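Beneath this line is the structure, given in structure tokens, with notes to follow.
Quick note: the coordinates plus some simple rules give every number you see, no bench work behind them. Bear in mind the structure is a predicted one, so any value in this text is a computation, not a measurement. Cβ: placed from backbone, ideal geometry, glycine included. Neighbour counts: every protein chain shown.
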Amino acid sequence: MSFTLKFKNKSESKEIPQENYAIKDLITEMGLSTQTVVAKQNGELVIEDTIINEDDEIQLIQIIYGG
């Protein structure tokens, strides 16, 4: 089972490594923080507890903020 990951103008197919694999698991594996990334699943904004399903398109958007 796989899904498509879009991040920083790159698109790649990734395998779902386990059952109930959530977006927060993906973000953590990539060395990112859930506080600095927003996720879309199939074009819709979702929370990090959302489970990734086969053939989903997951887009991670890095939030830039400062003072």
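Only residues that are touching a residue at least 24 places away in the same chain (Cβ under 8 Å) and surrounded by fewer than 14 Cβ atoms within 10 Å (Cβ to Cβ) were counted across region 1-19, and they come to 3. Each residue in region 20-67 was checked for being assigned to a loop (DSSP other than H, G, I, E, B) and either of a type in the set (Phe, Trp, Tyr) or exposed (fewer than 14 other Cβ atoms within 10 Å of the Cβ) (or both), and 19 pass. If you go through region 7-19 and keep only what is part of a loop (DSSP other than H, G, I, E, B) and not hydrophobic (A, V, I, L, M, F, W, C), you end up with Lys8, Asn9, Pro17, Gln18, Glu19.
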